[in-house]
Amino acid sequence: MGNLCACLSPKPVNRKKPAKRIANPPAVSSNSSNRWTRIRSSRKEKLDDALIQEQALAAATIILQQHNGTLPFDRSASLRYPNSESKKNQLPRSSSSRARSLTDPLLQPHQLVNQDIKLDDLETNRFVLVHGGGFGAWCWYKTIALLEEGGFKVSAIDLTGSGIHAYDTNNITSLSQYVKPLTGFLENLAEGEKVILVGHDFGGACISHAMESFPSKISKAVFIAAAMLTNGQSTLDMFSKQAGSNDLMRQAQIFLYANGNDQPPTSVDIERSLLRDLLFNQSPAKDVALASVSMRPMPFAPVLEKLSLTDIKYGSVRRFYIETPEDNAIPIALQQSMINSSPPECVFRIKGADHSPFFSKPQALHKLLVEISKIPSI
């Protein structure tokens, strides 16, 4: 793995920077006139604003149509916009107003990984992506497109009451009920088939539950800025470690009481005005717009549930963790605390990534997922 990861051992973790990435395209020649540059810049800003608005509205329309049952939802394909047939073979491009970071240049899949990779030589070439609390399968659309372009098989799951799954999150009373779409998917895998399970945010607790139930069907488990818990620990226990240190999280949370205000909360939502600061502080505007019309409340009961994890089952699955250093939802200090409490096989870091690297650093995330898939069996 070279300098891409630092394998954990009883000694302190020594994390190194991801491999060097290709630099940005060269800047415009200095011989260009200032006036023409200003005109082009003005036109570009107007086009970018119009494109962001058009794509956000198109995404919202698709989601609403799927929710109403008028369009099928293909969990193995990325979200696509209407009237974009001519662009279906192109990779998604970021339209962030920020200057593109050198850590996440716009690259084609063949530039990100070795061209001589043979998918048939891998233990498995199938990824199963599990979203975090409030998210849905829709959040993986860039990751799905990149992995499929490279020949991988990809499935993105909508957990109960998430994405377009038609169920009221206020009626979810257990973690097993919440993860039923995931466990049902694993149950139906062909005999001997294995997958690489990827969990983000609260999806980390969800894939941990699945690892305990189906260890023989999971080749590797990847935690992306995720809750990686220990036996007997709940996600609430994990967040309590940073109690008092995350004012933004407390300000953003909206507790819902479907059973009455004298009863425990039934779900938790996020204040929309704080979405960007909490979850997407490094992400493109179009993806923040997509999230603002797509996120749903997450059930509260599963957050309280303490996991039962055994060494013989959960512990038999190879684990990998991807850190997100610019994360305002699960700060890097909390991520490292979980890593130290239950060390995975390897730790990776995506420089400049916020809580949602599938939006803020999609190419860098893609590269790490492919690299993890190539790590041979022990």
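The values are calculated or read from the model by the stated rules, or taken from the named source; none is laboratory data. Only a predicted model underlies this, so the values are computations on that prediction, with no experimental measurement involved. All Cβ positions, even for glycine, are placed from backbone atoms using ideal geometry, and neighbour counts span all protein chains on display. The area values use the complete protein model at the heavy-atom level, side chains included, leaving out ligands, DNA and RNA. Shrake-Rupley method; radii C 1.70, N 1.55, O 1.52, S 1.80 Å.
A few comments on the model shown:
- Using a probe radius of 1.4 angstrom, the carbon and sulfur fraction of the accessible surface of the stretch 213-327 is 50%.
- Positive minus negative residues near F358 (Lys, Arg vs Asp, Glu; Cβ under 10 Å): +1
- Difference of contour (0.36 nm per residue) and Cα-Cα distance, D269 to Q336: 21.5 nm
- Percentage, to the nearest whole number, of Cα pairs in the stretch 184-325 over 26 Å apart: 34
- Amide H contacts of S267: L256, A258, F300, each under 5 Å away and 5 or more positions distant or on a separate chain (H built 1.01 Å from N in the peptide plane; Pro and chain starts excluded).
- Gained length - I254 relative to K241, 0.36 nm times residue gap less alpha-carbon distance: 2.7 nm
- With θ taken as phi - 60° and the Karplus curve 6.51 cos²θ - 1.76 cosθ + 1.60 applied, the whole-hertz 3J(HN,Hα) list for the stretch 337-345 is 5, 5, 4, 5, 6, 9, x, x, 5 Hz, x standing for glycine and proline.
- Rounded to the nearest 0.05, the FRET efficiency derived from the C-beta distance between K194 and N231 at R0 = 25 Å is 0.60.
- Geometric extent, Cα atoms of the stretch 162-249 - Rg, Dmax (angstrom): 14.5, 48
- Vicinal HN-Hα couplings computed from phi for the stretch 283-293 (Karplus, 6.51 cos²θ - 1.76 cosθ + 1.60; Hz; Gly/Pro x): 9, x, 4, 5, 6, 5, 5, 4, 5, 5, 9
- Taking amide H as placed 1.01 Å from N in the peptide plane, R349 has its amide H under 5 Å from the amide H of E323, each at least 5 places away in sequence or on another chain.
- Vicinal HN-Hα couplings computed from phi for the stretch 317-333 (Karplus, 6.51 cos²θ - 1.76 cosθ + 1.60; Hz; Gly/Pro x): 8, 6, 10, 9, 10, 10, 7, 10, x, 9, 7, 9, 8, 10, x, 4, 4
- Within the stretch 272-371, trypsin sites (Lys or Arg not before Pro) in DSSP loop having at most 16 other beta-carbon neighbours inside 10 Å: K306, K313
- Sparse packing (at most 16 other Cβ atoms within 10 Å of the Cβ) combined with a DSSP loop state is found for the following GluC sites (Glu not before Pro) in the stretch 178-246: E191, E193.
- Formal net charge of residues neighbouring P331 (Cβ-Cβ distance under 12 Å; K, R +1; D, E -1): -4
- Residue-count net charge about I378 - beta-carbon cut-off 10 Å; Lys, Arg +1, Asp, Glu -1: 0
- With eigenvalues of the C-alpha gyration tensor scaled by 5 and rooted, the stretch 130-205, Å: 22, 16, 10
- Convex hull volume of the stretch 231-315 per residue (C-alpha atoms, cubic angstrom): 150
- Other-chain or far-sequence residues with amide H under 5 Å of G133's (modelled H): F202, G203
- Pairwise label distance in nanometres, T183 with D311, each label 7 Å out on the Cα-Cβ vector: 2.5
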